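Read the structure below first, then the notes.
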Amino acid sequence: MKPGSSLIKHYLQFKDLRAQEYAYLFERTRTIKTRFKNYERYQPLVDRTLAMIFEKASTRTRVSFEAGMYQMGGSVVNLTTGDSQLGRAEPVEDSARVISRMVDIVMIRTFEQAKIERFAAHSRVPVINGLTNEYHPCQILADIYTYIEHRGSIQGKVVAWVGDGNNMANTWLQAAETLGFTVHVSTPSGYEIDPSVAGIRDTGCYKVFDHPLQACEGAHLVTTDVWTSMGFEAENDERRKAFVDWCVDEDMMAVAQPDALFMHCLPAHRGEEVTAEVIDGPQSVVWDEAENRMHVQKALMEYLLLGRIG
Ligand code: CP
Ligand code: NVA
């Protein structure tokens, strides 16, 4: 396939796929997860190789992609900035041209979204966003699958976002627009969502609240993230002060729906963005959410490489 070919399907933002494709992916995830739980071998990606490029740290993304690819019969190459020419200023376009001649699919975790877009434009194979400063689509894919597993369709529901207007928040907005639900957003002043960065057309898919408690009222799902994302560590001290009231606690969960779920993409800081009572409490589904990263990404890689099955 020629680099930049419109036949190559990338997954760089949540809005790269349509609602029907998500319906298909969630169904495939259910099948693939059930097989895994029953110890049934399923290896549609024998002889396929995934290259993973990490310019930021990771636990879940690394393990879920690597384990998932091996389970599907493929193999994995792991590159980081420190141990490749990426850290020595080789142009991203050249890296894309070379790497995509040798592997079948690439997952990248990096800083600016523009960088992964440039890589994809010069890649012969599908590229998946494993987190950028702007978006984290694989995480929201797992979060919505987890919601569906526990509660059924997310369409028409309310998701409360408490915290930073960051990559996770932007991706929740894209998901709301794509799948038809509403996000109630509460961020500290100075850390608001920017709809142009979020990349949404329909500002009706979210509502802004000054106080986090108001955002949680009636929500079907309450979710948050770290006060300081990777790459923003220099702002740590000022963020600690600004975010002190943006801690999901039992009072916030009490005003949400009685059967509301709590999610966090992890890693979490108990006592900062969430209390231990909430994240370790009965409404929290964070461990299912983490595990589901692997199942949804197996379905995603299968789809990008093989298209619809059956
Ligand atoms: N949630 C998530 O992406 O975790 P890692 O940073 O550990 O990959
Ligand atoms: N917003 C966080 C998510 C980590 C998985 C970050 O970008 O560091």
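Taking every residue in segment 221-234 that is in a loop (DSSP other than H, G, I, E, B) and modelled with pLDDT of 95 or more and pairing it with any residue that is basic (Lys, Arg) and within 13 Å of ligand 1 (Cβ to nearest atom), at least 6 positions away or on another chain, the pairs with Cβ-Cβ distances below 6 Å are MET230/LYS56. If the condition is being out of contact with any Leu (no Cβ under 7 Å at 6 or more places or on another chain), within 16 Å of ligand 2 (Cβ to nearest atom) and in a helix (DSSP H, G or I), then segment 115-137 contributes LYS115, PRO137. Of ILE108, ILE140, all but one fail to be touching a helix residue (DSSP H, G or I) at 6+ places or on another chain (Cβ under 7 Å) and assigned to a helix (DSSP H, G or I); the exception is ILE140. If you filter segment 244-259 down to residues that are part of a loop (DSSP other than H, G, I, E, B) and surrounded by 22 or more Cβ atoms within 10 Å (Cβ to Cβ), you find that the one that is farthest from ligand 2 (Cβ to nearest atom) is ALA256.
Which of the residues that make up segment 75-131 are within 18 Å of the chain's Cα centre (by Cα), of a type in the set (D, E, K, R) and buried (at least 19 other Cβ atoms within 10 Å of the Cβ)? Result: ARG109, single match. Scanning segment 1-21 for residues that are crowded, with 18+ Cβ neighbours inside 10 Å and in contact with a helix residue (DSSP H, G or I) (Cβ under 7 Å, 6 or more places away or on another chain) yields HIS10, TYR11, LEU12, GLN13, PHE14, LYS15.
Inspection of segment 195-203 finds a residue satisfying the criterion of being on the phi > 0 side of the Ramachandran plot, in contact with a helix residue (DSSP H, G or I) (Cβ under 7 Å, 6 or more places away or on another chain) and part of a loop (DSSP other than H, G, I, E, B). Under 7 Å between Cβ atoms, at least 6 apart or on separate chains: pull out the pairs that start in segment 43-61 with a residue that is modelled with pLDDT under 95 and end on any residue that is within 16 Å of ligand 1 (Cβ to nearest atom) and not hydrophobic (A, V, I, L, M, F, W, C). Between residues of segment 43-61 that are modelled with pLDDT under 95 and residues that are within 16 Å of ligand 1 (Cβ to nearest atom) and not hydrophobic (A, V, I, L, M, F, W, C), there is no close pair.
Of all the residues in segment 189-234, those that are within 16 Å of ligand 2 (Cβ to nearest atom), of a type in the set (D, E, K, R) and surrounded by fewer than 15 Cβ atoms within 10 Å (Cβ to Cβ) number 3. Within segment 253-300, the set of residues being within 19 Å of VAL159 (Cβ to Cβ), among the hydrophobic types (A, V, I, L, M, F, W, C) and more than 16 Å from ligand 1 (Cβ to nearest atom) comprises MET253, ALA254, VAL255, ALA256, ALA260, LEU261, VAL278. Residues in segment 140-181 that are out of contact with any Ser or Thr (no Cβ under 7 Å at 6 or more places or on another chain) and polar (S, T, N, Q): THR146, SER153, GLN155, ASN170, THR171, GLN174, THR178.
The values are calculated or read from the model by the stated rules, or taken from the named source; none is laboratory data. These numbers come from a predicted model, not from an experiment. Cβ coordinates were reconstructed from backbone atoms using ideal geometry, including for glycine residues, and neighbour counts include every protein chain displayed.
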